[in-house]
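Below is one structure; the comments refer to it alone.
Values quoted throughout were computed directly from the atomic coordinates according to the rules given, and no laboratory measurement underlies them. None of these values were measured; they are calculated from a predicted model. Counting neighbours? That spans all protein chains shown, and the Cβs are built from the backbone with ideal geometry, glycine included.
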Amino acid sequence: MTTELPVVLTARGFALLESLLQQHEAPFAGAAEIVRRKLDAAIVVFPTDVPANVVTLRSRVRFCVDGATAEECTLIGGPDDAAYGPTLLVTSPRGLALIGAAAGQTVPAQLPDGSEEMIRIEAVPYQPEQRRSRLDLQVISGRDLPEPARLFSSARSRQPVAPFGGDDDPGPSAA
């Protein structure tokens, strides 16, 4: 089985999958091979660069297995991860199939007995990277920040603005 679909991972997701290969025991039969294929096909991106429809750790994902009724759960890295509602471990066959895939894709999940089930990803209603990305954009753009906290003046040519007046002396606290 070869996967031709793109696998988009954050560094955290990539590291978690890599750590699965270092464990003495695989979570289920065939897991090591699935993880190797996923890592080989992975495109690692910054969290803020992950498309909104890609399944990452702590994403809430809605999917159908073999055409059955849709399920929705949060993909977690381990049993200690706290999440609201139903969860799915990334170390499970379905979790490994989902991580790095995108809404609209149908991905195979290899079961421990060697059989496969097909998972259609319907939506990613919540992805923590997208929330973080929107917050970063607000801070970078300077909206809702007091004037002294802005790095550049929007009215002038992109010259740095001294935070508290024109004096750039850090004062006695810098000593």
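Using amide H atoms built 1.01 Å from N in the peptide plane, name the residues 5+ places from Tyr126, or on other chains, whose amide H lies under 5 Å from its own.
Long-range HN contacts for Tyr126: Arg60.
Spelling out what I want: for every residue of the stretch 45-53, take phi, set θ = phi - 60°, compute 6.51 cos²θ - 1.76 cosθ + 1.60 (Karplus), and round to whole Hz; glycine and proline get x.
Working through the residues one at a time gives 10, 5, x, 6, 9, 6, x, 5, 9 Hz.
If R0 is 25 Å, what FRET efficiency do you get for Ala83 and Ile43 from their C-beta distance, rounded to 0.05? Working shown, then result.
Details: r = 25 Å, r/R0 = 1.02.
Computed FRET efficiency for Ala83 and Ile43: 0.50.
By how many nm would the segment from Ser115 to Glu71 grow when fully extended, if each residue of separation counts as 0.36 nm and the alpha-carbon distance is taken off?
Values: separation 44, 0.36 × 44 = 15.84 nm, distance 2.05 nm.
13.8 nm is the gain from fully extending Ser115 to Glu71.
Show me, for the stretch 26-38, the HN-Hα J-couplings you get by feeding each phi into the Karplus relation (A = 6.51, B = -1.76, C = 1.60, θ = phi - 60°), rounded to Hz, glycine and proline as x.
Ordered by residue, 3J(HN,Hα) equals 6, x, 7, 4, x, 5, 4, 5, 4, 5, 4, 5, 5 Hz.
Rank-order 118-130, 79-91 by packing density, defined as the average count of other C-beta atoms within 10 Å over each peptide's residues, highest first.
For the peptides 118-130, 79-91, the packing ranking is 118-130, 79-91.
Kindly write out, for the stretch 12-22 in residue order, the coupling ³J(HN,Hα) from the Karplus curve 6.51 cos²θ - 1.76 cosθ + 1.60 (θ = phi - 60°), rounded to whole Hz, with x marking Gly and Pro.
Values, residue by residue: 5, x, 4, 5, 5, 5, 4, 5, 5, 6, 7 Hz.
Please sort 93-102, 31-40, 14-23 by packing, taking for each peptide the average over its residues of neighbouring beta carbons within 10 angstrom, highest first.
93-102, 31-40, 14-23
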